[in-house]
1. Among ASP108, ASP87, ASP75, ASP47, which is the only one that is modelled with pLDDT of 95 or more, surrounded by fewer than 18 Cβ atoms within 10 Å (Cβ to Cβ) and touching a helix residue (DSSP H, G or I) at 6+ places or on another chain (Cβ under 7 Å)?
2. When only residues in the stretch 103-116 that are under 18 Å from ASP128 (Cα atoms) and among the hydrophobic types (A, V, I, L, M, F, W, C) count, which is nearest to the chain's Cα centre (by Cα)?
3. Restricting to the stretch 227-259, what's the tally of residues that are within 21 Å of PRO167 (Cβ to Cβ), surrounded by 14 or more Cβ atoms within 10 Å (Cβ to Cβ) and of a type in the set (Gly, Ala, Ser)?
4. Condition check: crowded, with 20+ Cβ neighbours inside 10 Å and over 30 Å from MET84 (Cβ atoms). Does ARG213 satisfy that?
5. Return the residue satisfying two criteria in turn: it lies in the stretch 179-210 and is modelled with pLDDT of 90 or more, surrounded by 23 or more Cβ atoms within 10 Å (Cβ to Cβ) and of a type outside the set (Ser, Thr, Tyr), and of such residues it is nearest to the chain's Cα centre (by Cα).
6. Take the stretch 85-103 and flag every residue that is in a strand (DSSP E or B) and free of Cβ contacts under 8 Å to residues at least 12 places away in the same chain.
7. On the basis of being under 18 Å from PRO206 (Cα atoms) and modelled with pLDDT of 90 or more, does LEU138 make the cut?
8. Has the stretch 117-126 got any residue that is over 24 Å from the mean Cα position of the chain (by Cα), within 21 Å of TRP60 (Cβ to Cβ) and at pLDDT 95 or above?
Amino acid sequence: MSTTRRKALLLGLAFAATTSTITQPAFAQSATQSLAQESVIETIKQDGVLRIGLSVFKPWSMRDKNGELIGFELDVGRALAEDMGVDVEFIPTAWDGIIPQLVSGNFDVIISGMSITPERNLTVNFSDPYAFSGQTILANKDLTEGLTLEDYNSPDVTFSARRGANPATVIASLFPEAELLLFDEEAAAVQEVLNGNAHATMFAEPAPSIEARRYPDKLHVPFDRTFLATGEGFALRKGDPDALNFFNNWIASRTASGWLKERNDYWFKGDDWQSEVAE
């Protein structure tokens, strides 16, 4: 190879390397900017409203005597929207359809006491936990008198639970021999126990203890035990790192200030709010 051709080849390789060095960061920056522009955070800012999907169950979210939504999730959602400088719209949704509705874009995020599980994580992303709770058994006194925890795992025992909710999964796992009746609403599951059509149900405190105090002659919490204590997170559509980053930072800030604990204690450890809710 001649000296001239060798110099030309070296110059060509140098130019290609230089071009590649310049192009790669520029491409990465362009991709990052495009991803940020597609974030639901940008949609929320542009629309001026944060749309939150939730399922109604005490004390996460419920209707007061005027039919307005109140509860822990409502406090969280309103504070989140206020910090974002936007309005908030709450969209009540049946629990067994709430994830498909999120994926379909019917709201921006789920804030509804949703436990973080690997199965759900295959479909949606979760923020860091903003609350922690476990499941407690609520039972019919007459039907379960003298039963041990092991006795509940029997074909002669019937549980009721809300369809698609975490307690239904826990019941099926811990008491596989028992019959399990599924309902669209938690209230219906409780009513089955109250009517004596089911021996017990299971859901997050403080609701079981509240129901036991409400009907002391018929219902009780038979075991001082919480099952499958898990963290609850915001659920959002996959592929949105900006939204995940923002929600995580918001939760960290509100946790550090003590606000999340104060609101959680109000709704889950106190009963001042019960006068606002119809019996």
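1. Details: ASP108 fails: surrounded by fewer than 18 Cβ atoms within 10 Å (Cβ to Cβ); ASP75 fails: surrounded by fewer than 18 Cβ atoms within 10 Å (Cβ to Cβ); ASP47 fails: touching a helix residue (DSSP H, G or I) at 6+ places or on another chain (Cβ under 7 Å).
Testing whether each residue is modelled with pLDDT of 95 or more, surrounded by fewer than 18 Cβ atoms within 10 Å (Cβ to Cβ) and touching a helix residue (DSSP H, G or I) at 6+ places or on another chain (Cβ under 7 Å) leaves just ASP87.
2. The first filter runs over the stretch 103-116 and keeps only residues under 18 Å from ASP128 (Cα atoms), leaving 108-116.
Checking the rest, the ones that are also among the hydrophobic types (A, V, I, L, M, F, W, C) come to 109-111, 114, 116.
Details: VAL109: 9, ILE110: 6, ILE111: 5, MET114: 2, ILE116: 7 Å.
The qualifying residue nearest to the chain's Cα centre (by Cα) is MET114.
3. Filtering the stretch 227-259 down to residues within 21 Å of PRO167 (Cβ to Cβ) leaves 227-235.
Remaining after also requiring surrounded by 14 or more Cβ atoms within 10 Å (Cβ to Cβ): 227-228, 230-235.
Then drop every residue that is not of a type in the set (Gly, Ala, Ser), which leaves 231, 233, 235.
Of the residues in that region, 3 qualify.
4. Details: crowded, with 20+ Cβ neighbours inside 10 Å: no; over 30 Å from MET84 (Cβ atoms): yes.
No: the conditions fail for ARG213.
5. Taking the candidates together, the pick is MET202.
6. We begin by selecting, within the stretch 85-103, every residue in a strand (DSSP E or B); these are 87-92.
None - no residue of the stretch 85-103 is in a strand (DSSP E or B) and free of Cβ contacts under 8 Å to residues at least 12 places away in the same chain, so the list stays empty.
7. Working: under 18 Å from PRO206 (Cα atoms): yes; modelled with pLDDT of 90 or more: yes.
Yes; evaluated as a whole, the condition is true for this residue.
8. Initial filter on the stretch 117-126 (over 24 Å from the mean Cα position of the chain (by Cα)): none.
Looking for residues that are over 24 Å from the mean Cα position of the chain (by Cα), within 21 Å of TRP60 (Cβ to Cβ) and at pLDDT 95 or above, one finds none in the stretch 117-126, hence no.
The values are calculated or read from the model by the stated rules, or taken from the named source; none is laboratory data. All of these numbers come straight from a predicted model, not from anything done at the bench. In this analysis, Cβ positions are derived from the backbone assuming ideal geometry, glycine residues included, and neighbour counts consider all displayed protein chains.
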